[in-house]
1. Spot the failing condition for Ala205; the list is (1) under 12 Å from Leu15 (Cα atoms); (2) away from the ligand (no atom under 16 Å from the Cβ), and only one is missed.
2. Identify, please: which residue in segment 157-191 is hydroxyl-bearing (Ser, Thr, Tyr) and either surrounded by fewer than 16 Cβ atoms within 10 Å (Cβ to Cβ) or in a helix (DSSP H, G or I) (or both) and is, among those, nearest to the ligand (Cβ to nearest atom)?
3. Could you list, in sequence order, the residues of segment 1-50 that are away from the ligand (no atom under 16 Å from the Cβ) and among the β-branched types (Val, Ile, Thr)?
4. Consider Arg2 carefully, then state whether it is part of a loop (DSSP other than H, G, I, E, B) and either open to solvent by less than 20 Å² (accessible area, probe 1.4 Å) or modelled with pLDDT of 95 or more (or both).
5. Going through segment 131-153 one residue at a time, which ones are open to solvent by less than 70 Å² (accessible area, probe 1.4 Å), more than 17 Å from Ala108 (Cα to Cα) and of a type in the set (A, V, I, L, M)?
6. Those residues that are open to solvent by less than 40 Å² (accessible area, probe 1.4 Å) and part of a helix (DSSP H, G or I), I need them from segment 26-41; list them, please.
7. Pro44 is checked against (1) in a helix (DSSP H, G or I); (2) touching a residue at least 40 places away in the same chain (Cβ under 8 Å) and fails just one. What number does that condition carry?
Amino acid sequence: DRAPGEQDAHAFDALVSTVPLPRLTGMDTELSVDLHPLSEVWYPPLSVLALGYPRAAIEHPLNGFGMLVPPVEDDLNILGTIFSSTLFPGRAPDDHVLLTTFVGGARAPDRATLDSSALQSLVESDLDRLLGVEGMPVFRRHTHWPDAIPQYTVGYGQIKETLAELERTHPRLALAGNYRQGVSVGDALASGIDAAERLRERLEAPAAQPH
Ligand SMILES: Cc1cc2nc3c(=O)[nH]c(=O)nc-3n(C[C@H](O)[C@H](O)[C@H](O)COP(=O)(O)OP(=O)(O)OC[C@H]3O[C@@H](n4cnc5c(N)ncnc54)[C@H](O)[C@@H]3O)c2cc1C
């Protein structure tokens, strides 16, 4: 039952932070390391458009994982499409299919912020060219991710060094997430396990024992 603006203080032996870097650098903390380099990491926006069609409306057999559009194909607007109903059960009713298409990202960040109907036009046009689509989708779901995935650009070593320094100077703090050792779900999970392991070692080290 806290009033707006009221804060609670809790004491813990150690802390694992898994918030994305833009959230971490925006927090009011008393960390002794300059977090400015971390705020430079770019998380470009991404839009995801899931479209459902009657199976008969798509010429392509959809007999695969999906498709990725390489940068050289610059007359296409999408980054790629997952054939979701081919890959996973329960994604579309009988005799229907679900196609999940990604737009924007580092390659075309402005395109990610298009409104739903403009986005749908671009996606439908590309899907028609690539898969042969007849008619309108019977289902549509648009999700916009304003800060989607951190970009490991040239110079990312400096970011990693800042993160390591943060943990060196605050040994009871560990940082985990997709900005540490790769952006896949598996990488993010592994970084969480590694962070917990580092904290366990530091807490068990003789210097960390309470006197
Ligand atoms: C559209 C899209 C599709 C993707 N597809 C795939 C894929 O098919 N396969 C794959 O391997 N990877 C995929 N990825 C990448 C992968 O999903 C992410 O990199 C990974 O899930 C990120 O995990 P994370 O724990 O670092 O961050 P997140 O999952 O973003 O978790 C961060 C958490 O911090 C919370 N948080 C934020 N601020 C605060 C705060 N102030 N206080 C408390 N909590 C806070 C958020 O609510 C969130 O729950 C995709 C990513 C996107 C955006």
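The values are calculated or read from the model by the stated rules, or taken from the named source; none is laboratory data. Keep in mind the model is a prediction, meaning the values are calculated, not measured. Backbone-built Cβ (ideal geometry, glycine too); neighbour counts: all protein chains shown. To get the accessible areas, we keep the full protein, side chains included, count just its heavy atoms, and leave off ligands, DNA and RNA. Shrake-Rupley method; radii C 1.70, N 1.55, O 1.52, S 1.80 Å.
1. It fails just one condition, (1).
2. In this case the residue turns out to be Ser184.
3. Matches in segment 1-50: Val33 only.
4. Working: part of a loop (DSSP other than H, G, I, E, B): yes; either open to solvent by less than 20 Å² (accessible area, probe 1.4 Å) or modelled with pLDDT of 95 or more (or both): no.
In short, no.
5. Answer for segment 131-153, where residues must be open to solvent by less than 70 Å² (accessible area, probe 1.4 Å), more than 17 Å from Ala108 (Cα to Cα) and of a type in the set (A, V, I, L, M): Leu131, Val133.
6. Restricting attention to segment 26-41, the residues satisfying the condition of being open to solvent by less than 40 Å² (accessible area, probe 1.4 Å) are 33, 35, 37-38, 41.
Of everything in segment 26-41, those that are open to solvent by less than 40 Å² (accessible area, probe 1.4 Å) and part of a helix (DSSP H, G or I) turn out to be Pro37, Leu38.
7. Checking Pro44 against (1) in a helix (DSSP H, G or I); (2) touching a residue at least 40 places away in the same chain (Cβ under 8 Å), the one that fails is (1).
For every residue, the table says whether it meets (1) modelled with pLDDT of 95 or more; (2) under 29 Å from Glu201 (Cβ atoms).
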residue: Glu6; (1), (2): no, no
residue: Ala11; (1), (2): no, yes
residue: Leu24; (1), (2): no, yes
residue: Glu40; (1), (2): no, no
residue: Pro44; (1), (2): yes, no
residue: Leu49; (1), (2): yes, no
residue: Tyr53; (1), (2): yes, no
